[in-house]
Amino acid sequence: MSQDTSPQSGQNGLTYADAGVDIDAGNALVKKIAPLVKATSRPGADSEIGGFGGLFDLKGAGFKDPILVAANDGVGTKLKIAIETGQHKTVGIDLVAMCVNDLIVQGAEPLFFLDYFATGALDVETAADVVAGIAEGCKQAGAALIGGETAEMPGMYAAGDYDLAGFSVGAAERGELLPRPDVTEGDVLLGLTSSGVHSNGYSMVRKIIELAGLDWPADAPFAPEKTLGEVLMEPTRIYVKPVLAALRTTSGIKALAHITGGGLPENLPRVLPKSSSARIDLSRIAVPDVFKWLAKTGGVAQSEMLRTFNCGIGMVVVAARDQAEAVAAAFAQAGETVIDLGQIEAAGDEPVLFDGKLDLGP
């Protein structure tokens, strides 16, 4: 009689590992990242992991009558560059940045963050590098990493591929949310510079690299001391602490806009009243070399650059005219490079009106 090798026999039965899911690897990852998570502890959260849900104490964080604000996002096709270059240590910063920058522009202090990491077969070292970046982003934002999920889904992802999503919650005292209702003509527009491409427009970036016949290890034509992969993996700037400092030391900030996908033309109107338009002098923007190269190499028109990339401005501040200098000084004191972009006007033909041209090079 032949031996029964079906799962029902128990002796040689099918295991989860046979199906492609390694529970031991998942446990090893949790053990490896525990100190990273603990390092993000802040008032209101002790950042322990392992429970069914993360806890946060609003009273312990010092809030009296808070309004909660939530945001979630991903990193987009920038992940393809991380995977293809093996540079996994900074995409976690991008993930946090895309969520917490959306919170802070509403005047909400980011409190905690949770991540979702999905892959076909879990590589502990890669996942640990990603989570290390998430923890670093949380520290930059002053948010606690209170939980997350690692999903191993064989058949859903090609070998080596993974996806990321993040979720963050912030809070502001009632009556302190942005934008304020008094945005009006004459208010000043201040730009905070970006650290590079941030995390938007990477499908176009990858197409331009392909058309140029280049690869990630190639020297960046606009930054020869670095490779293309290194320059394009520069993480998204997290503006939380400078914005909180400016909000706490001045009273002139009326609105903030995080410049992500859609650029200035689509993100700035989100915080303006319909009775207003923003007039921006493009010639005042110090366009980083990476954008000049992308525009020239891809033959990308200015209008397309503006609606695809941040073009050097990662956040726009709407400040009361009589307090604009104090607001700009507060941001400069916090380490930001501040550019006077223009002002608010009565509503015109478009919600954002441009003067001058971007310096996209010859």
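The values are calculated or read from the model by the stated rules, or taken from the named source; none is laboratory data. Keep in mind it's a predicted model, so treat the numbers as computed, not measured. With ideal geometry, Cβ positions are generated from the backbone for all residues, glycine too; neighbour counts draw on all protein chains shown. Please note that ligands, DNA and RNA were not included when accessible areas were found on the heavy atoms of the full protein model with its side chains. Shrake-Rupley method; radii C 1.70, N 1.55, O 1.52, S 1.80 Å.
Under the condition of being of a type in the set (A, V, I, L, M) and in a helix (DSSP H, G or I), which residue from region 301-314 is farthest from Asp355 (Cα to Cα)? Restricting to residues being of a type in the set (A, V, I, L, M) and in a helix (DSSP H, G or I), the top hit is Met305. Among the residues making up region 121-156, a single one is at pLDDT 95 or above and among the hydroxyl-bearing types (Ser, Thr, Tyr): Thr126. The helices (runs of 4 or more DSSP H) falling completely within region 175-265 that include 3 or more residues that are modelled with pLDDT of 95 or more, open to solvent by less than 20 Å² (accessible area, probe 1.4 Å) and under 21 Å from Ile313 (Cα atoms) map to 240-249. Of the residues screened, Leu341 is not one that is assigned to a strand (DSSP E or B), out of contact with any helix residue (DSSP H, G or I) (no Cβ under 8 Å at 6 or more places or on another chain) and at pLDDT 95 or above.
Looking only at residues in region 270-300 that are under 14 Å from Val205 (Cα atoms) and not in a helix (DSSP H, G or I), the one that is nearest to the chain's Cα centre (by Cα) is Val300.
Screening Gly133 against (1) open to solvent by less than 50 Å² (accessible area, probe 1.4 Å); (2) part of a loop (DSSP other than H, G, I, E, B) leaves a single unmet condition, (2).
The set of residues in region 41-59 that are within 23 Å of the chain's Cα centre (by Cα), within 12 Å of Leu114 (Cα to Cα) and either exposed (fewer than 14 other Cβ atoms within 10 Å of the Cβ) or polar (S, T, N, Q) (or both) contains only Ser47.
Residue under question is Pro273, and the condition is that it be out of contact with any Leu (no Cβ under 7 Å at 6 or more places or on another chain) and farther than 26 Å from Leu211 by Cβ; does it hold? Yes; evaluated as a whole, the condition is true for this residue.
Among residues of region 274-303 being open to solvent by 60 Å² or more (accessible area, probe 1.4 Å) and free of Cβ contacts under 8 Å to residues at least 24 places away in the same chain, the one that is nearest to Thr193 (Cα to Cα) is Ser303.
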